[in-house]
1. Under 23 Å Cα to Cα from residue B:65, which lysines show up? Leave out anything in the same chain fewer than 8 places away.
2. Less than 27 Å apart at the alpha-carbon level, and either on another chain or at least 8 residues along: which lysines does that give for residue A:76?
3. Carbon and sulfur: what percent of region B:130-170's accessible surface (1.4 Å probe)?
4. Using a Cα-Cα cut-off of under 24 Å, which lysines could be cross-linked to residue B:10, ignoring same-chain neighbours fewer than 8 residues away?
5. Out of residues 5 or more away from residue B:245 or on other chains, whose amide H comes under 5 Å of its own, with H placed 1.01 Å from N in the peptide plane?
6. Please report, in debye to the nearest 20, how large the charge dipole of the protein assembly as shown is about its Cα centre when each Lys and Arg carries +1 at its beta carbon and each Asp and Glu carries -1 there.
7. Using only Cα atoms, find the angle between the long axis of helix B:20-37 and the longest principal axis of chain B, and express it within 0 to 90 degrees, rounded to the nearest 10.
8. Based on a Kirkwood Rh over C-alpha pairs, give the Stokes-Einstein translational diffusion coefficient of the protein assembly as shown at 10 °C and viscosity 1.306 mPa s in µm²/s.
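The values are calculated or read from the model by the stated rules, or taken from the named source; none is laboratory data. Everything numeric in this text was worked out from a predicted model, so none of it was measured. Here the Cβ is made from the backbone with ideal geometry for all residues, glycine too, and neighbour counts use every protein chain on show. Areas reflect the complete protein model, heavy atoms only, side chains present, ligands, DNA and RNA absent. Shrake-Rupley method; radii C 1.70, N 1.55, O 1.52, S 1.80 Å.
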Amino acid sequence: MAQYVNHDQKFGATEAIYYPGIAKGVALTIRHFVVNMWFHLMKALRIKARPGAITIQYPDQRRVLPAALRIRHRIKLNEDGRLRCTACMLCETACPDNCIYIVPMESPEEVPEEKMPAIFEIDLARCCFCGMCVEACPMDAIHMDTGIAEMASDSRENLVLDLESLLKPGPIVCTGPAFRGKEILELLPHLKDVRAMEHQTQPEGSIYRVGKTNR
Amino acid sequence: MFETIASIIKICFIVVCLLLPMAFLLMWAERKESAIMQDRIGANRASVFGIRAWGLISMMADAIKMFVKEDFSPPFANKRLFHFAPFLAMFAVLITFAVIPFGPEWTLLGHTVKLQIADLGVGFLYMFALAPLGIYAIALGAWASNNKYSALGGIRAVGQLISYEVVVGLSLIGLVMVFGTVQLDSIVVQQGDYWFNGWIPKWGVFLQPLGLLLFFPAGFAETKRVPFDLPEGESEIIGFNLEYSGLKFGLFMMSEFIEMVILGALLTTFFFGGWQVPWLFSDGFHFPWGWDFSLPHTAVVLLQVMSFLTKLVFFGWFLQIVRWTLPRFRYDQLIRLCWLYLLPLAVLNVVITGIVILVLQ
């Protein structure tokens, strides 16, 4: 429902002389200051208390992402370890941004599926994360559930995901001193201990550099 | 000789140990206090060897940034005035503190030192003669920048500051009438008296409540802080310091924060007993309910200086709270508030005070 501002409103006696209204506002902010300062002090004294602020300290702490979030894509394998994608081009057709590019090829003889993608690229610079490709896929091959929100890169070329990086759930290898070789997904619970995370895109896929140092 | 050395030491103490650190801490409080009020954390990422010191390192990083930033002056500016203005602004605020008493007379090795840089007989007038020099600084800086927007900001600033200067002066006339002197030290000394068998100290806030209610907003407007920040309005209506960068901008900003310290000092001196501690006399505490503690002279002096500093810190905190609570006035509201509400009330305050003094005689 729309709200209308009454421009003809006359000030009452307490509002017209400003001071009571100002005192009320100042009392509110002082209350916030005192309550938050108390919890900050308790925390500084190592006494268990709720945090003094409601903000999330982003690189140090991460919020739990909602399950229905549509975010960086991945392509699933089936139970036998083969690509689920059969290069049917439905996702490419459904994509409103034309960000999917598929070149199909014939599968090897022994495989039940007739086709598979030779090239499967998603251009993240174009993608609007509408999820239509996920809806369109008859093989349940493409998903947008990696939970990886940091997709920034310093060149457009690096934003094009190829088949290999789509098969891995995004950037996976961590090379920092504390978490070398761990996968990013098993790292996520520990991220509140991690001070810095450096994103690096390389030919074989993206790499997160994770370390305890504050750089 | 002793007088001269004492004066130099006092000036160094005021400028190096009081005004500049207080301004620095106010800048820090500006970020951290506003953050805490708004349920945030505030600047805390900058660190030296992993030490963040609750954001103080961020402030040092800010200061270093201010020093090394390009000091640009616009090509068609009046260079001489452009460089002169920020120094005038700083000068005007630093010189004002000279008459503010921050402690009682201190007998040290047989010499009596007044804890006040200059005990002028016309202290009150001196302050209101020199503090408005800052208005010249703003007008000069705005005009010399050769920029229409800073000139407009300068005009707004001059209009606002001159209007409120009138109210600042008039709202304190009642106080001067009550204490019968314009000497700040004597005003503070007289606030050491008590009413009702010594229960209530005779502070300016009890003598002149209306004066405080008028002086506080007017003084706030003089500091150009948020409900009255039309001279600057850095987020949208860009003001007089538009063309300033680097250290010269830093001087303007620093002078604004020192103005806040001075407003706090004036509120303390005129309305909250200056360096007086309630029920602390020159030989110790005498409480009206009968307790007595005798204290040595030096301890009393230190307590009273600490009392002045505590009040100063409190007002620094409180001014920040007000600044982060209220939105900005519109310009017509600002001028109407001054000339139609505060000024007549200030005159009324003078009249009422005069009548009360006449009746009490």
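1. Partners found: B:32, B:248.
2. In chain and number order, the partners are A:115, A:168, A:182.
3. 76 percent
4. Partners found: B:114, B:311.
5. Under 5 Å from the amide H of residue B:245 lie the amide H atoms of B:72, each far enough along the sequence or on another chain.
6. Around 1360 debye, computed over the protein assembly as shown.
7. In chain B, helix B:20-37 runs at an angle near 80 degrees to the longest axis.
8. For these conditions, the coefficient is 54 µm²/s.
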